[in-house]
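A.B. asks: If you scroll down you'll find the structure; I have some questions about it.
Values quoted throughout were computed directly from the atomic coordinates according to the rules given, and no laboratory measurement underlies them. Every value quoted in this text rests on a predicted model; they were computed, and no experiment measured them. Neighbour counts run over all protein chains shown; Cβ positions are idealised from the backbone, glycine included.
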Amino acid sequence: MKWRYPLIFIFLVLLFVLIIARLFYWQVVKAEMLSGLAQDQYGGLIRIEPERGEVRTSDGFPIVANKVSYLLYLNPTQIKDKNQEVQVLASLLDMPKASVSAQILPDRLWVKIKSGISASDKGEIEKIKLPGVGFEEHYTRFYPEASIAAQLIGFVGKNQEGQDMGYVGLEGFYNRLLSGKVGYLMESTDALGKPIILSRKPTIGGSNGSNLLLSVDRSIQFLAEQKLKDGIEKYGAAGGMIGIIDPETGNILAMASSPSFAPQEYWKYDESLYSNPFITNTYEPGSVLKPLVMAGALDAGLITPQTECDICGGPVSVSGYDLHTWNDKYYKNTNMIEVIQHSDNTGMVFVALKLGADRMIDYLTKFGFGQATGIDLQGETTPSLKSRSAWYDVDLATTGFGQGISVTPIELLTAFSALANNGKMMQPKVVTAFENASGEITKVPSVVKGQPISEKTAKVMTEILVNAVEKGEAQWTKLPGYRIAGKTGTASIPVKGHYDPNSTIASFIGFGPVDKPKFVMLVILEKPTTSIYAADTAAPLFFDVARNLLNYYGIPPSE
Amino acid sequence: MRKAYVLIIFLLGLTISLSVGKAVLQNTLSTSGIFVGQAEQEINSYKTQNAILSEEVLTASSLTNIMEKAKQSGFTSENVLMVINTSRPLAVKP
């Protein structure tokens with residue numbers, strides 16, 4: 001009989017081992033799967049999509065906001081008369097019938113018909129009460145000022161996973177900040193699918209995107225865009241751009257370019273229009289570079305405003321090349337003030353040769369050429385300076401009057417702003433502050449990029465530029481009573497190894513009022529046809545904008 | 001002995017009253033999900049309305065719209081120059 005006790009004992013032990021093994025299987029091996037199944041049954045994780053941050057101009061107005069739009073979907077199983085449904089939907093949604101019909105697959109429960117439907121259109125469609133029609137709410141980008149500053153802002157498209165993503169400009173540069181983070185909400189539901197209040201837990205992670213507060217002044221941006229549009233039409237130009245910066249802070253006040261695109265319908269435009277030419281296009285600056293080269297020579301103590309040019313009586317020959325003035329007029333023993341006033345190429349050859357290649361490279365580098373300005377926009381191009389060994393005498397001479405060197409408009413504007421800011425060059429920036437989802441504001445400090453020239457040199461150069469405005473080629477268009485410093489630039493366009501004689505890039509760069517500059521502005525007109533010269537095209541456009549700016553700031557005439 | 005008896009009675013009473021309280025509370029809240037759902041729907045509807053109204057306000061206060069309205073009302077900042085290349089008669093016979 002005794003053998004029965006151990007037998008039962010072994011049996012019970014085996015039974016317990018079996019139970020423990022089974023428990024281990026369900027509670028450890030299969031725990032995750034069961035947990036998932038259970039969660040699905042009594043609720044689950046709800047994905048909370050973050051709202052993309054707004055982009056606001058300096059007056060707090062959102063030039064990029066979000067609007068409610070709807071996606072219309074169909075449940076084909078609920079459709080009674082397919083032909084009638086297709087006909088009504090096609091007419092309401094302004095879509096071809098074939099396109100609507102092709103999407104209605106009978107074996108599906110959910111088919112997308114059209115996205116981007118406005119709230120008012122949704123209301124109209126709902127009134128008809130079509131069977132099987134439903135709507136999903138989405139937030140899409142909304143541009144209250146239409147296509148204003150489009151190339152500065154960029155646009156929001158879709159990435160490879162079909163999610164919103166910012167491209168070019170601010171949308172591209174600050175995509176991560178603007179996007180925010182996806183959050184999850186764990187929610188339990190009852191048998192009817194209603195939420196159970198006691199089991200509600202706080203949201204896991206997630207936050208809306210931050211808002212960008214820009215230095216761009218909406219009124220100035222609007223003004224620049226309008227004036228640029230008018231200027232292009234008036235001077236028969238192929239395109240153009242205007243950039244305005246506050247020299248004291250480096251804040252970009254406006255950046256307009258044309259042709260441009262509409263960010264709300266970006267797919268309808270050629271991709272080449274997406275990039276901002278003010279930061280991506282390179283061109284030979286021509287005479288607008290002269291003040292910077294001369295500022296370098298003044299700063300190095302190689303010349304003074306009264307230094308006379310002893311080679312300016314006629315064309316200058318350098319390494320076998322004859323270098324002329326733009327109008328073939330020559331001024332013997334002209335001084336440096338007159339060299340800028342007449343935009344005298346031979347005078348600038350004199351300055352460049354005095355400066356020498358090493359110092360020329362040094363000053364161009366100090367002015368930021370050959371390096372990125374660091375502006376907070378996606379896609380900045382950085383044309384590099386030639387290496388020292390590639391600088392021949394003729395390169396040095398032509399660089400003196402802005403040929404044989406490539407720059408971007410933003411490089412030029414940044415460098416020129418040093419003249420207006422006592423020789424101190426600020427890093428250009430578009431965003432002045434970020435506002436996170438909780439409303440906390442983080443300011444972006446202004447950064448000093450360098451001091452290419454002394455305060456004294458900047459003041460001397462400013463006076464030379466004021467004289468150029470007062471007595472130069474563009475004097476007919478100057479603003480009476482205001483002291484504005486500026487310089488015209490008519491750059492030739494290199495085509496297949498030579499310069500196109502019939503088309504130019506006309507530009508004017510300047511700042512004002514010179515006693516306390518509020519703005520530095522660069523106006524560029526591409527291939528103007530009414531006149532190839534900047535004094536007849538870019539200069540009047542510059543002064544037209546400048547007059548409005550001075551009015552806007554409430555600055556009275558000083559003389 | 002009496003103290004222990006009182007304590008046991010007290011703890012028993014507390015346990016029963018807490019259990020009853022929990023049952024009452026759970027029963028009351030079990031149907032509150034419906035109201036929570038309704039409230040959430042209402043909040044979402046207000047959010048949507050708010051977004052639609054914001055859109056209208058921004059559109060109305062945009063400089064583009066103001067300029068358009070100003071033009072319609074007859075305001076203009078520029079002199080519109082008209083160039084007539086050919087001479088025109090003062091009056092044209094019908």
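A.B. asks: Using only Cα atoms, find the angle between the long axis of helix A:290-299 and the longest principal axis of chain A, and express it within 0 to 90 degrees, rounded to the nearest 10.
C.D. replies: With both axes taken from Cα atoms, the answer is about 70 degrees.
A.B. asks: Which of the aspartates and glutamates could a cross-linker span from A:Lys122 if the Cα-Cα distance has to be under 13 Å and same-chain partners fewer than 8 positions apart are dropped?
C.D. replies: Within reach: A:Glu136, A:Glu137.
A.B. asks: log₁₀ I(q)/I(0) of the protein assembly as shown at q = 0.07 Å⁻¹, via Debye over equal Cα point scatterers, no solvent, to two decimals?
C.D. replies: -0.64
A.B. asks: Please give the contour-minus-distance gain from B:Thr31 to B:Thr76: 0.36 nm per residue of separation, less the Cα-Cα distance, rounded to one decimal in nm. List each step's numbers first, then the result.
C.D. replies: On the way: separation 45, 0.36 × 45 = 16.20 nm, distance 6.37 nm.
Net length gain for the segment: 9.8 nm.
A.B. asks: Further question on the same structure: Check which residues have an amide H placed less than 5 Å from A:Gly43's amide H, if you skip close sequence neighbours.
C.D. replies: A:Thr189
A.B. asks: Could you list, in their original order, any pairs among A:Lys234/B:Lys69; A:Lys443/A:Lys478; A:Lys268/A:Lys449; A:Lys429/A:Lys478 whose Cα atoms are separated by more than 31 Å?
C.D. replies: Details: A:Lys234/B:Lys69 24 Å; A:Lys443/A:Lys478 38 Å; A:Lys268/A:Lys449 39 Å; A:Lys429/A:Lys478 29 Å.
Among A:Lys234/B:Lys69; A:Lys443/A:Lys478; A:Lys268/A:Lys449; A:Lys429/A:Lys478, the Cα-Cα distance tops 31 Å for A:Lys443/A:Lys478; A:Lys268/A:Lys449.
A.B. asks: Calculate the length of the line joining the C-alpha centroid of segment A:289-314 to that of segment B:15-76, in whole Å.
C.D. replies: Taking the Cα centre of segment B:15-76 as reference, the centre of segment A:289-314 is 67 Å away.
A.B. asks: Something else about it: Would you mind counting up the charge near A:Ser503? Only other residues with Cβ under 15 Å from its Cβ, with Lys and Arg at +1 and Asp and Glu at -1. Write down the numbers at each step before the final one.
C.D. replies: Working: positive: A:Lys496, A:Lys527; negative: A:Glu284, A:Asp500, A:Glu526, A:Asp536.
Result for the neighbourhood of A:Ser503: -2.
A.B. asks: Relative to the longest principal Cα axis of chain A, at what angle does helix A:409-420 sit, 0 to 90 degrees, rounded to 10?
C.D. replies: Taking Cα atoms only, the helix is inclined about 60 degrees.
A.B. asks: Something else about it: For A:Lys496, which lysines qualify as cross-link partners when the Cα separation must be under 24 Å and same-chain residues fewer than eight apart are set aside?
C.D. replies: Hits, sequence-local ones excluded: A:Lys386, A:Lys527.
A.B. asks: Which one, A:Leu289, A:Thr365, A:Ile232, projects farthest toward the positive side of the charge dipole computed for the protein assembly as shown from Cβ point charges (K/R +1, D/E -1)?
C.D. replies: The residue sitting farthest along the positive end of the dipole is A:Thr365.
A.B. asks: About its Cα centre, how strong a charge dipole does segment A:409-489 have in debye, to the nearest 20, once Lys and Arg get +1 and Asp and Glu get -1 at the Cβ?
C.D. replies: Details: 10 positive and 7 negative charges, 47 e Å.
That gives a dipole near 220 debye.
A.B. asks: Assign unit charges at the C-beta atoms only (+1 for Lys and Arg, -1 for Asp and Glu), then state the dipole size of the protein assembly as shown relative to its Cα centre in Debye, rounded to the nearest 20. Could the numbers behind the result be given before it?
C.D. replies: On the way: 60 positive and 63 negative charges, 516 e Å.
Using only the charged Cβ atoms, the result is roughly 2480 debye.
A.B. asks: Follow-up. Take the alpha carbon atoms of segment A:400-432, find their center, do the same for segment A:484-499, and report the distance between the two centers in whole angstrom.
C.D. replies: After rounding, the separation between the Cα centres reads 17 Å.
A.B. asks: Any chance you could check the Cα centroid distance between segment A:316-389 and segment A:211-254 for me, in angstrom?
C.D. replies: The distance from the Cα centre of segment A:316-389 to that of segment A:211-254 comes to 27 Å.
A.B. asks: With a cap of 15 neighbouring Cβ atoms within 10 Å, and only residues DSSP puts in a loop, list the GluC sites (Glu not before Pro) found in segment A:363-448.
C.D. replies: Numbers: sites: A:Glu380, A:Glu411, A:Glu435, A:Glu440; in loops: A:Glu380, A:Glu440.
Sparse-neighbourhood loop GluC sites (Glu not before Pro): A:Glu440.
A.B. asks: What residue among A:Ile117, A:Ala146, A:Pro96 has its Cα farthest toward the positive end of the dipole of segment A:90-155, where the charges are +1 on Lys, Arg and -1 on Asp, Glu, each on the Cβ?
C.D. replies: It is A:Pro96.
A.B. asks: Let me ask something else about it. Please tell me which of these pairs span more than 21 angstrom C-alpha to C-alpha: A:Lys82/A:Lys114; A:Lys112/A:Lys158; A:Lys329/A:Lys459?
C.D. replies: Details: A:Lys82/A:Lys114 17 Å; A:Lys112/A:Lys158 17 Å; A:Lys329/A:Lys459 29 Å.
Table pairs above 21 Å Cα-Cα are A:Lys329/A:Lys459.
A.B. asks: Whose amide H sits under 5 Å from the amide H of A:Met165, counting only residues 5 or more places off or on another chain, with H placed in the peptide plane?
C.D. replies: Amide H neighbours of A:Met165, under 5 Å, 5+ apart: A:Gly157, A:Lys158, A:Asn159.
A.B. asks: Nearest 10 degrees is fine. How inclined is helix A:538-553 to the longest principal axis of chain A, computing both from alpha carbons?
C.D. replies: Taking the Cα atoms of chain A, the angle to A:538-553 is about 70 degrees.
A.B. asks: A further question on this structure: Per residue of chain A, what 222 nm ellipticity follows from adding -39500 (n - 2.57) for every DSSP H run with n ≥ 4, rounded to the nearest 500? Display every interim value, and only then the final one.
C.D. replies: Working: 17 runs with 188 residues, N = 559.
My calculation for chain A gives -10000 deg cm²/dmol from helical runs alone.
A.B. asks: Counting DSSP beta bridges with both partners in chain A, what percentage is antiparallel, nearest 5? Don't skip to the answer; put the middle values down first.
C.D. replies: Details: 76 of 79 bridges.
Beta bridges within chain A, antiparallel portion: roughly 95 percent.
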